[in-house]
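Since the structure comes first, as structure tokens, the remarks are kept for the end.
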Amino acid sequence: MTSDQPDIYPSRECALLTQLKDNIETVIQCNNEGIKWLLTAFVAGGHVLLEDVPGTGKTTLAKSLAGSISAEFKRIQFTPDLLPSDILGVSVFDQHSQDFRFRPGPIFTQILLADEINRASPRTQSALLEAMAENQVSVEGDRIEMDEWFFVIATQNPVEFHGTYPLPEAQMDRFAMRFKLGYVSREQEVQILDSQRYEHPITRLKPCTNLEDLRSIRNAARNIRISDELKHYIVDLVGATRAYPGIQMGASPRAGIAMMKCSQALALIEGQEFVTPDIIQELAIPIIAHRLVLDPESQYSGTDSAECIMNIMQDIPVPA
């Protein structure tokens with residue numbers, strides 16, 4: 001494999017990420033790769049959609065990340081009557097200056113928890129689109145830049161739950177990753193009971209790093225080596241979804257960009273000097289599956305997008 005990237009492995013940044021992951025695990029226990037994947041998206045500069053039933057720790061995970069890095073954290077509870085102005089902000093008339101002043105909404109933060117995002121109407125959901133895609137919002141004709149650390153952790157209940165609206169395809173494409181936390185094991189659930197006997201562990205959570213260290217971590221992730229062969233492998237995986245039987249709409253080039261950046265971030269988290277095919281294959285479903293739209297026949301037959309991705313990975317040759 002060829003690469004023109006520097007052969008430098010950032011051990012300090014890897015150690016900081018391990019410390020950050022351990023700090024979050026003092027508050028929440030996950031039954032899968034939830035914490036690792038959340039950090040992967042955060043380091044890569046993407047956004048995350050957590051889809052699961054209530055009570056599996058989605059909100060706690062978001063708060064734990066914010067508390068561990070001393071970041072500003074805000075939460076929006078999405079409801080059917082929520083308006084776009086409730087998210088973006090509104091201009092208020094000032095009696096003293098006889099002028100309108102813009103009062104920023106909760107979207108202007110560093111880590112934003114969009115809780116139960118699919119309970120709001122599509123019109124309100126779309127208020128996040130520009131911020132997530134371009135790191136800016138347009139309010140009353142003015143463009144306002146978001147914070148450089150703006151990171152959305154959205155949660156949604158399964159679509160079959162009452163009072164939910166499916167997220168539009170354009171919005172789903174803005175999320176770098178979608179995954180579930182799932183239920184923990186019996187032993188872990190007993191530990192949760194013990195840890196919350198007197199108070200919630202998040203009340204004792206202390207920051208273990210700062211934004212300056214995180215800036216160094218993001219720079220280190222960008223320098224993780226990824227060969228030209230693996231870039232072609234990513235493009236082949238994404239491109240195959242556009243012609244695969246049963247898929248009505250395949251993944252966009254944005255999926256390939258997210259795959260490259262997230263694979264570099266995950267390689268750093270796992271202490272590897274370069275991206276490997278295993279890392280790309282691990283991330284394929286959480287990065288690509290939610291961007292696909294299956295045709296009605298496939299949906300009615302019980303096929304899901306994750307199964308399609310698995311089949312595509314079996315068909316695409318893996319770089320040696």
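The values are calculated or read from the model by the stated rules, or taken from the named source; none is laboratory data. Nothing here was measured: the structure is a model prediction, and the numbers come from that model. Counting neighbours? That spans all protein chains shown, and the Cβs are built from the backbone with ideal geometry, glycine included.
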Would you be able to tell me the number of residues in the stretch 113-158 that are over 28 Å from residue 57 (Cα atoms), among the charged types (D, E, K, R) and either within 15 Å of the chain's Cα centre (by Cα) or not in a helix (DSSP H, G or I) (or both)?
4
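Taking the stretch 111-124 as the region of interest, how many residues are out of contact with any strand residue (DSSP E or B) (no Cβ under 7 Å at 6 or more places or on another chain) and of a type outside the set (Lys, Arg)?
4
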So for the stretch 210-221 (the condition being loosely packed, with under 14 Cβ neighbours inside 10 Å, over 20 Å from residue 45 (Cα atoms) and at pLDDT 90 or above), does at least one residue qualify?
no
On the given criteria, is residue 40 outside any loop (DSSP other than H, G, I, E, B), modelled with pLDDT of 90 or more and among the hydroxyl-bearing types (Ser, Thr, Tyr)?
yes
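Could you tell me which of the residues 278, 194, 236 is at pLDDT 95 or above and surrounded by fewer than 15 Cβ atoms within 10 Å (Cβ to Cβ)?
278
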Take residue 94 and decide whether it is out of contact with any strand residue (DSSP E or B) (no Cβ under 7 Å at 6 or more places or on another chain), free of Cβ contacts under 8 Å to residues at least 24 places away in the same chain and acidic (Asp, Glu).
no
Result of the Cβ filter at 7 Å on the stretch 291-320, keeping first residues that are assigned by TED's automatic domain parsing to the domain that holds residue 228 and outside any loop (DSSP other than H, G, I, E, B) and partners that are modelled with pLDDT of 90 or more and of a type in the set (D, E, K, R), at least 6 apart or interchain, is 291/173
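List the helices (runs of 4 or more DSSP H) that sit entirely inside the stretch 195-285 and contain at least 1 residues that are of a type in the set (Gly, Ala, Ser), without any contact (Cβ under 8 Å) to a residue 24 or more places away in the chain and not assigned by TED's automatic domain parsing to the domain that holds residue 62.
In the stretch 195-285, the matching helices (runs of 4 or more DSSP H) lie at 228-240, 253-269.
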Long-range neighbours under 7 Å by Cβ, at least six apart or interchain, first residue under 12 Å from residue 153 (Cα atoms) within the stretch 36-54, second β-branched (Val, Ile, Thr)
38/48; 39/269; 41/48; 47/152; 48/153; 50/153; 50/155
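Which of the residues that make up the stretch 78-115 are of a type in the set (A, V, I, L, M), buried (at least 18 other Cβ atoms within 10 Å of the Cβ) and farther than 18 Å from residue 156 by Cβ?
Scanning the stretch 78-115 gives a single hit, 88.
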Residue 194 passes all but one of the listed conditions (1) charged (D, E, K, R); (2) under 28 Å from residue 262 (Cβ atoms); (3) out of contact with any strand residue (DSSP E or B) (no Cβ under 9 Å at 6 or more places or on another chain); the exception is number (2)
Any chance you could count how many residues in the stretch 263-320 are under 23 Å from residue 166 (Cα atoms) and of a type in the set (Phe, Trp, Tyr)?
1
Restricting attention to the stretch 179-190, report how many residues are over 27 Å from the mean Cα position of the chain (by Cα) and either in a loop (DSSP other than H, G, I, E, B) or closer than 30 Å to residue 283 by Cβ (or both).
2
Inter-residue pairs, beta-carbon under 9 Å, first on the phi < 0 side of the Ramachandran plot and among the hydroxyl-bearing types (Ser, Thr, Tyr) and in the stretch 4-32, second crowded, with 16+ Cβ neighbours inside 10 Å and modelled with pLDDT under 85, 6+ apart:
26/195
Hey, among the residues in the stretch 50-64 that are buried (at least 19 other Cβ atoms within 10 Å of the Cβ) and out of contact with any strand residue (DSSP E or B) (no Cβ under 8 Å at 6 or more places or on another chain), which one's modelled with the lowest pLDDT?
56
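Based on this model, can you work out whether residue 67 counts as at pLDDT 90 or above and farther than 30 Å from residue 255 by Cβ?
yes
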